[in-house]
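A.B. asks: Okay, here's the structure, questions in a sec.
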Amino acid sequence: MKIYHHTVRFSTNAQFQLIDVTRMVEEAVAKSGVLNGIVLIHAPHATAAIMLNEHEEGLINDILDKLRDLTEPGSRRWRHNMIDDNAHAHIGSAIIGAERIIPVINGRIARGTWQNIFFVEMDGPRSNREVVITVMGE
Ligand code: ZN
């Protein structure tokens, strides 16, 4: 079995932002030489997440609006805001999750037509964000 790791680094430019990393994941899978297995997409951050969804501008803004509503940035309810100002982003990361796993079948990731892969920034702007892509299989 092959195991291939690839780390992608980038910056973000808003507090809440979805960054489409689909192409980076597809390139990593191609480079890995794995034809059948799985790809793990992981955000090594406590204030960001990974999600799958459609890349449509209206929907992207709908999701970001809902995340803002749900996580309440700046809320005095959040105890963590007494020592830091980003409790909302930790909560968003906890709810959405920091990773996704997708099957790799015949060299292609088995994502749906409307399923792109997004890094979910919730505590931006940040200059050092990463996505770790691990491809495993034959
Ligand atoms: Zn914090």
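A.B. asks: Quick one: Arg108 ticks every box in (1) farther than 22 Å from Lys2 by Cα; (2) exposed (fewer than 15 other Cβ atoms within 10 Å of the Cβ); (3) away from the ligand (no atom under 16 Å from the Cβ) bar one, so which box is it?
C.D. replies: (1)
A.B. asks: Please determine, by comparing only the residues of the range 96-115 that are over 17 Å from the mean Cα position of the chain (by Cα) and part of a strand (DSSP E or B), which one is nearest to Glu57 (Cα to Cα).
C.D. replies: Residue satisfying both the conditions and the ranking: Arg108.
A.B. asks: Answer with yes or no whether Ile95 is among the hydrophobic types (A, V, I, L, M, F, W, C), within 16 Å of the ligand (Cβ to nearest atom) and farther than 30 Å from Val29 by Cα.
C.D. replies: On the way: among the hydrophobic types (A, V, I, L, M, F, W, C): yes; within 16 Å of the ligand (Cβ to nearest atom): yes; farther than 30 Å from Val29 by Cα: no.
So Ile95 fails the test.
A.B. asks: Another question, if that's okay. Could you list all residues from the range 43-79 that are open to solvent by less than 90 Å² (accessible area, probe 1.4 Å), within 14 Å of the ligand (Cβ to nearest atom) and either touching a strand residue (DSSP E or B) at 6+ places or on another chain (Cβ under 9 Å) or over 30 Å from His5 (Cα atoms) (or both)?
C.D. replies: Selection gives His45, Thr47, Ala48, Thr71, Pro73, Gly74, Ser75, Trp78.
A.B. asks: How many residues, within the range 116-137, are within 11 Å of the chain's Cα centre (by Cα), closer than 18 Å to Lys66 by Cβ and either open to solvent by 20 Å² or more (accessible area, probe 1.4 Å) or small (Gly, Ala, Ser) (or both)? Show your work before the answer.
C.D. replies: Kept after step one, since they are within 11 Å of the chain's Cα centre (by Cα), are these residues of the range 116-137: 116-122, 129-133.
Add one more test, that the residue is closer than 18 Å to Lys66 by Cβ, and what stays is 116, 118-122.
Subset that is either open to solvent by 20 Å² or more (accessible area, probe 1.4 Å) or small (Gly, Ala, Ser) (or both): 116.
Adding up the residues that qualify gives 1.
The values are calculated or read from the model by the stated rules, or taken from the named source; none is laboratory data. Quantities reported herein were computed from a predicted structural model and do not represent experimental measurements. Don't worry about glycine lacking a Cβ; one is built from the backbone with ideal geometry, like all the others, and counts go over all protein chains shown. Note: accessible area is taken over every heavy atom of the protein model, side chains too, but ligands, DNA and RNA are not part of it. Shrake-Rupley method; radii C 1.70, N 1.55, O 1.52, S 1.80 Å.
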